[in-house]
Amino acid sequence: MANDNVSALLALMGGDGGGGGGSSNAVLYTAQTLTEAQKEQARENIGAGAAENTVTISETTPTITPVANTTYKCGELTSLTISNPPSTGAYSIVFTSGSTATTTTFPATILGLEDFAAEANTLYEINVLDNRAVVGSWAVSA
């Protein structure tokens, strides 16, 4: 992940990792392969303290109609669709793309996701603020 993306992600989450709107105990994983335990811990840490609400999604092909100030924590997805996003506010979606890459469908109104294509065996965090997205990704063990 490029340093610009990390800076943008941290800014969107409300801090520099040392406080602000984020959690001081959050761990940022970059460009390394995560073990299963690290993957679960990353899901817990991602967005910690950044949203008022957390929704856990157990289905593998969800259509999410996002609500501002909400983090959507998904497991391994085969497909993901974002529908009718709010034009203002922030929300996050965390998911894992398994051995077969997750297919995604996003509205054209969300800038930054126009050319997004999930890769296999990757943990993703999509942060959206006022319909502008920043995507973080981390390789996971197959």
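The values are calculated or read from the model by the stated rules, or taken from the named source; none is laboratory data. Please read all numbers here as calculations on a predicted model, not as lab measurements. We place every Cβ from the backbone using ideal geometry, glycine too, and count neighbours over all the protein chains shown.
Of all the residues in region 29-66, those that are at pLDDT 95 or above and assigned to a loop (DSSP other than H, G, I, E, B) number 7. You will find that of Val67, Val128, Val140, the residue that is closer than 21 Å to Thr35 by Cα and among the hydrophobic types (A, V, I, L, M, F, W, C) is Val140 and no other.
In summary, Thr63 fulfils each of the numbered conditions (1) crowded, with 16+ Cβ neighbours inside 10 Å; (2) in contact with a Ser or Thr (Cβ under 6 Å, 6 or more places away or on another chain) with the single exception of condition (1). Where strands (runs of 3 or more DSSP E) fall wholly inside region 84-142, the ranges with 2 or more residues that are crowded, with 18+ Cβ neighbours inside 10 Å are 90-97, 122-129, 132-139. The residues of region 89-142 that are of a type in the set (D, E, K, R) and in contact (Cβ under 8 Å) with a residue 60 or more places away in the chain amount to a single one, Glu125.
Is it the case that Thr78 is loosely packed, with under 15 Cβ neighbours inside 10 Å and at pLDDT 95 or above? Criteria met by Thr78.
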